[in-house]
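See structure below.
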Amino acid sequence: MVRDQATGALTLTWTSQAGQTFLVETSNNLVTWPDVATNYPTGGATGTSTSFTHQPAASDSALYYRITRQ
């Protein structure tokens with residue numbers, strides 16, 4: 001995970017295979033997991049890794065991510 005110091009945006013990168021899509025969820029309490037992206041990327045992955053950039057809310061003091069292959 002990489003954080004953009006200027007904007008606070010977080011970029012996550014994980015291993016994937018061409019054609020795969022993913023569900024990206026976040027949680028600030030490890031209990032509830034709202035979706036931030038479904039069927040990501042649209043059309044499926046194209047290489048051996050996939051990246052997703054998320055702008056967390058300013059009020060999020062802790063944030064966890066869960067990525068599931070769909």
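A short reminder: the numbers here are calculations on the coordinates, not readings from a lab. Source: prediction; values computed, not measured. Note that each Cβ is placed from the backbone with ideal geometry, even for glycine, and that neighbours are counted across all protein chains shown.
Criterion applied to ALA45, ALA57 was being surrounded by fewer than 12 Cβ atoms within 10 Å (Cβ to Cβ) and small (Gly, Ala, Ser), and the one residue passing it is ALA57.
Would you be able to tell me the number of residues in region 33-62 that are part of a loop (DSSP other than H, G, I, E, B) and of a type in the set (A, V, I, L, M)? It would help to see each step written out before you state the result.
Going through region 33-62, the residues part of a loop (DSSP other than H, G, I, E, B) turn out to be 33-34, 41-48, 55-62.
Now narrow it down to the ones that are of a type in the set (A, V, I, L, M): 45, 57-58, 62.
Qualifying residue count for the region: 4.
Is it true that LEU30 is assigned to a loop (DSSP other than H, G, I, E, B) and either within 11 Å of TYR65 (Cα to Cα) or free of Cβ contacts under 8 Å to residues at least 12 places away in the same chain (or both)? Yes; evaluated as a whole, the condition is true for this residue. Of the residues making up region 7-20, none is part of a strand (DSSP E or B) and touching a Leu at 6+ places or on another chain (Cβ under 6 Å).
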